[in-house]
């Protein structure tokens, strides 16, 4: 008899499938990251309060458990000596040193994406991400975008979608790649434009399957897993 | 940041209701998280992003609301201050200048400390401050009003130099201490901004006042200070002392260089109105270092290219002007309160997009591009997962953390283990060096399951490296199929299942044998994945059924049934019989002549649960009987054997 693929794996597959069909290539990065890749390379200096937004796990050898998959963006470009144009998508596990409850967990998955090409703009970014949400929840889903600050993008935005009885829910953060980030990738920001986003998989998956506790997927409870045949 | 709706209306005349305003502000980049009623006032909780220190005040939000609705600038009513020369004087030394680029202050004589009037206390409470006394309350009130942190020193508690009180502003040296307002003696990290006289440090600048210079009931004269301090130094000290205050929070995010006089004047006026006999001295305003402001050059086409819009130069200029920028042709100077976050033309683009509405950005299609081939290395993971699922294995996820006990039990605890410093919970202290520890926990947690075949693929960690591993664990002897598959994963290495040793199982309270195998991904043959392989996708969306916190009861039923009925259909029928049936698993299915022509046997594990309690035997029996009746009726099937 067939076994069961974990719902997180299933949901990540659905997501990657959408972006792959848009020409994105899946790449992974390490879960333990250097401080530079997780923060500094992304225009998040130690001296600025934007660094405090995330509660970070530090290891005893001075590294961090990556707080977002964005940490892998600069690394992947530098290590593979990538030159634009490129489209990358980076799924993976991230960590925040925080207390857990049914809606918060210290471990979670993100899918980050970055495309660097000539002539990319906010309209491309919004359209791409809107298409993603619609691919999961149907084209009747209501979506909105609003300005938001992330140090590694400018302009920056959040995307929300509307849920019956629960109102607007944030789905992802995104924006045009910040010139400092492009420079850190050894890309000339005057010649190339980048679109970037990061989306939290766990909460979106909870909505998709109507799961009531964000921690359940990590318990190994077969009553949970076997439901997703 | 909390904003009292009526306080905002004091500074700006607008028509929108609180709920309308909340939605508009959210779409303008300041997410209103909640609207609460406090002290009879509507209070917004707004998420101010760390780049927008200028919005940490009622005035700051009023400026944004005015720009958003295209209204005239907000105005704070100001009364004229009749200041008279005083005998009392203060001498301010700053070294080096950059730590305190501007120092604005006023001596106010003849004050009388008392309780604040109720309107003031009400507003402070609505914001979240505990009222203290009229002087402290005024400094807090004006800080929230305009964003300028203020501090009142007791003039008489400060030491003199000549005929003036000495305020020497400098960076602390090693091992220096200060006693702060809250009575705590604090060892200062080197480089912290402090104020001292000839004898002692009496102020932890920009963070918390000093105990030795604090206002009390006997205070007669104050020095009212509204200064600018270096954000990075404030941040360092605040972090190192683990002390965040309303003042330090604002200084870290950048306070308006041009806002000090407004803050000090408004506070002086308010004190004068609360204490009619108070005498305000002349304004002291020292600019030690002026910020360098240079215009930002932009081009209409650059901004349109980044946003994907077709705005005219005039529209761009108008948008920026609404936000208080001074615009000439293609150059823009941000208002002084935005110097901290507006630095390049991309920042201007965001402002333009905000004013015109993100929802107005036209959508664009990415160019078509197919590049699936390069994803192939990642597909190896999917490929292995799909193969294992086909062989009947369930995939589990566990945390990357592992507890020390199980590491010791498995003999894995050594110097190579990566450790987290200051974990919030002890369970997140060590990082797993392999996947065995996690998967054994999962076996234990599913003790009730009839048989377990699970796997996980995940990252493992030692100090030297991070690597991907596959682990499989099962409670039955591995089949030939899985052994063959494992062998195929790598030609060069012989990977065999091993039985977990009994003492380990005993320690984990696992009461059945467990076979397990671990394979490092670096050893896996990457050519296993055929170029044509595509990961299988979920065919039908599953809606999750909540699981009970009580253990399930699992019973087996086997039916003899016409071979044309698909087992999944029968399982579905059973599932729908009672809401307490959470899973129906087919675990055996075969055709045999001895059941009659065209008959087969299907065996099911029936998983049952009750959300409120453990299930009783007679309840289970009733459910099983209704399953037997229903399946018999619907599929002309009969039970194999008897219900026990």
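The values are calculated or read from the model by the stated rules, or taken from the named source; none is laboratory data. Values in this document were obtained by computation on a predicted structure and should not be read as measured data. So basically every Cβ, Gly included, is an ideal-geometry build from the backbone, and we count neighbours across all protein chains shown.
Mind listing just one residue for me: the one in the stretch B:589-611 that is assigned to a loop (DSSP other than H, G, I, E, B) and touching a residue at least 12 places away in the same chain (Cβ under 8 Å) and, of those, nearest to the other protein chains (Cβ to nearest Cβ)?
Once the filter is applied, the top-ranked residue is B:609.
I need the full set of residues from the stretch B:579-588 which are assigned to a loop (DSSP other than H, G, I, E, B) and either facing chain A (nearest Cβ under 10 Å) or surrounded by fewer than 16 Cβ atoms within 10 Å (Cβ to Cβ) (or both), in order please. Let's see the steps before the verdict.
So in the stretch B:579-588, the residues assigned to a loop (DSSP other than H, G, I, E, B) come out as B:579-580.
Hit for the stretch B:579-588 is B:579, nothing else.
If I ask for residues that are assigned to a loop (DSSP other than H, G, I, E, B) and more than 15 Å from residue B:57 (Cβ to Cβ), which ones from the stretch B:326-344 would you list?
B:329, B:330, B:334, B:339, B:341, B:342, B:343, B:344, listed by residue number.
Taking the stretch A:49-68, which residues are farther than 17 Å from residue B:459 by Cβ and at the interface with another protein chain (Cβ under 7 Å from one of its Cβ atoms)?
Answer for the stretch A:49-68, where residues must be farther than 17 Å from residue B:459 by Cβ and at the interface with another protein chain (Cβ under 7 Å from one of its Cβ atoms): A:49, A:50, A:53, A:58, A:60.
When you scan the stretch B:502-519, do you find a residue that is surrounded by 13 or more Cβ atoms within 10 Å (Cβ to Cβ) and either modelled with pLDDT under 85 or outside the structural domain of residue B:467 (by TED's automatic domain parsing) (or both), even just one?
no
If the Cβ limit is 9 Å and pairs must be 6+ apart or interchain, which residue in the stretch B:241-259 that is at positive phi and in the same structural domain as residue B:229 (by TED's automatic domain parsing) pairs with which residue that is outside any loop (DSSP other than H, G, I, E, B) and crowded, with 19+ Cβ neighbours inside 10 Å?
B:254/B:53; B:254/B:54; B:254/B:231; B:254/B:337
So which of A:171, A:153 is in contact with a helix residue (DSSP H, G or I) (Cβ under 7 Å, 6 or more places away or on another chain), buried (at least 18 other Cβ atoms within 10 Å of the Cβ) and under 30 Å from residue A:83 (Cα atoms)?
It is A:171.
Is it true that residue B:219 is within 14 Å of chain A (Cβ to nearest Cβ) and assigned to a loop (DSSP other than H, G, I, E, B)?
no
Checking residue B:406 against (1) more than 10 Å from chain A (Cβ to nearest Cβ); (2) at pLDDT 95 or above: exactly one of these is not met. Which one?
Condition (2) is where residue B:406 drops out.
Yes/no matrix, rows are residues, columns are (1) outside any loop (DSSP other than H, G, I, E, B); (2) out of contact with any strand residue (DSSP E or B) (no Cβ under 8 Å at 6 or more places or on another chain); (3) away from chain A (no Cβ under 14 Å):
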position: B:240; (1), (2), (3): yes, yes, no
position: B:244; (1), (2), (3): no, yes, no
position: B:249; (1), (2), (3): yes, yes, no
position: B:266; (1), (2), (3): yes, yes, yes
position: B:270; (1), (2), (3): yes, yes, yes
position: B:282; (1), (2), (3): yes, no, yes
position: B:285; (1), (2), (3): yes, no, yes
position: B:293; (1), (2), (3): no, no, yes
position: B:301; (1), (2), (3): yes, yes, no
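Please state which one of B:234, B:195 is at pLDDT 95 or above, outside any loop (DSSP other than H, G, I, E, B) and within 14 Å of chain A (Cβ to nearest Cβ).
The unique qualifying residue is B:234.
On the given criteria, is residue B:425 surrounded by fewer than 18 Cβ atoms within 10 Å (Cβ to Cβ), within 28 Å of the chain's Cα centre (by Cα) and more than 7 Å from chain A (Cβ to nearest Cβ)? Outline the logic, then answer.
On the way: surrounded by fewer than 18 Cβ atoms within 10 Å (Cβ to Cβ): yes; within 28 Å of the chain's Cα centre (by Cα): yes; more than 7 Å from chain A (Cβ to nearest Cβ): yes.
Judged against the criteria, residue B:425 is a match.
For residue B:454, state whether it is facing chain A (nearest Cβ under 8 Å), in contact with a helix residue (DSSP H, G or I) (Cβ under 7 Å, 6 or more places away or on another chain) and at negative phi.
yes
Answer with yes or no whether residue B:399 is surrounded by 20 or more Cβ atoms within 10 Å (Cβ to Cβ), within 8 Å of chain A (Cβ to nearest Cβ) and over 30 Å from residue B:458 (Cβ atoms).
So residue B:399 fails the test.
Restricting to the stretch A:25-37, and then to whatever is free of Cβ contacts under 8 Å to residues at least 60 places away in the same chain and in contact with a helix residue (DSSP H, G or I) (Cβ under 7 Å, 6 or more places away or on another chain), can you tell me which residue is farthest from the other protein chains (Cβ to nearest Cβ)?
Per the stated criteria, the residue is A:37.
Take the residues of the stretch A:52-64 that are free of Cβ contacts under 8 Å to residues at least 40 places away in the same chain and touching a helix residue (DSSP H, G or I) at 6+ places or on another chain (Cβ under 9 Å): which is surrounded by the fewest Cβ atoms within 10 Å (Cβ to Cβ)? Outline the logic, then answer.
At the first step, the residues of the stretch A:52-64 found to be free of Cβ contacts under 8 Å to residues at least 40 places away in the same chain are A:52-53, A:58-64.
Now restrict to residues that are touching a helix residue (DSSP H, G or I) at 6+ places or on another chain (Cβ under 9 Å): A:52, A:58, A:62-64.
On the way: A:52: 14, A:58: 16, A:62: 9, A:63: 20, A:64: 23.
Looking at residues that are free of Cβ contacts under 8 Å to residues at least 40 places away in the same chain and touching a helix residue (DSSP H, G or I) at 6+ places or on another chain (Cβ under 9 Å), I get A:62.
This table checks each residue for (1) at pLDDT below 95; (2) surrounded by fewer than 23 Cβ atoms within 10 Å (Cβ to Cβ); (3) on the phi > 0 side of the Ramachandran plot.
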position	(1), (2), (3)
A:159	no, no, no
A:166	yes, yes, no
A:184	no, yes, no
A:197	no, no, no
A:207	yes, yes, no
A:226	yes, yes, no
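Residues that are more than 8 Å from chain B (Cβ to nearest Cβ): find the helices (runs of 4 or more DSSP H) completely inside the stretch A:121-229 holding 2 or more of those.
Counting at least 2 such residues, we get A:122-137, A:179-184, A:201-209.
Considering only residues that are buried (at least 19 other Cβ atoms within 10 Å of the Cβ), within 11 Å of chain A (Cβ to nearest Cβ) and over 22 Å from residue B:146 (Cβ atoms), which ones fall in the stretch B:1-26?
Correct list: B:26 only.
From the set of residues in the stretch B:593-629 that are in contact with a strand residue (DSSP E or B) (Cβ under 7 Å, 6 or more places away or on another chain) and over 22 Å from residue B:550 (Cβ atoms), which is surrounded by the most Cβ atoms within 10 Å (Cβ to Cβ)? Steps first, answer last, please.
First pass over the stretch B:593-629, keeping only residues in contact with a strand residue (DSSP E or B) (Cβ under 7 Å, 6 or more places away or on another chain): B:595, B:598-609, B:615, B:620, B:623-624, B:627-628.
Among the residues that remain, those that are also over 22 Å from residue B:550 (Cβ atoms) are: B:595, B:598-603, B:628.
Numbers: B:595: 18, B:598: 11, B:599: 17, B:600: 19, B:601: 18, B:602: 24, B:603: 16, B:628: 17.
Of everything passing the filter in the stretch B:593-629, B:602 is surrounded by the most Cβ atoms within 10 Å (Cβ to Cβ).
If you check residue B:49 against the conditions, is it without any contact (Cβ under 8 Å) to a residue 40 or more places away in the chain, within 14 Å of chain A (Cβ to nearest Cβ) and not in a helix (DSSP H, G or I)?
Answer is yes for this residue.
A quick yes/no check of all residues on (1) more than 7 Å from every other protein chain (Cβ to nearest Cβ); (2) crowded, with 22+ Cβ neighbours inside 10 Å:
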{"residue": "A:3", "(1), (2)": "no, no"}
{"residue": "A:11", "(1), (2)": "yes, yes"}
{"residue": "A:23", "(1), (2)": "no, no"}
{"residue": "A:39", "(1), (2)": "yes, yes"}
{"residue": "A:43", "(1), (2)": "yes, no"}
{"residue": "A:70", "(1), (2)": "yes, yes"}
{"residue": "A:73", "(1), (2)": "yes, yes"}
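Within the stretch A:92-118, count every residue that is more than 23 Å from residue A:27 (Cα to Cα) and more than 7 Å from chain B (Cβ to nearest Cβ).
Matching residues across the stretch A:92-118 total 6.
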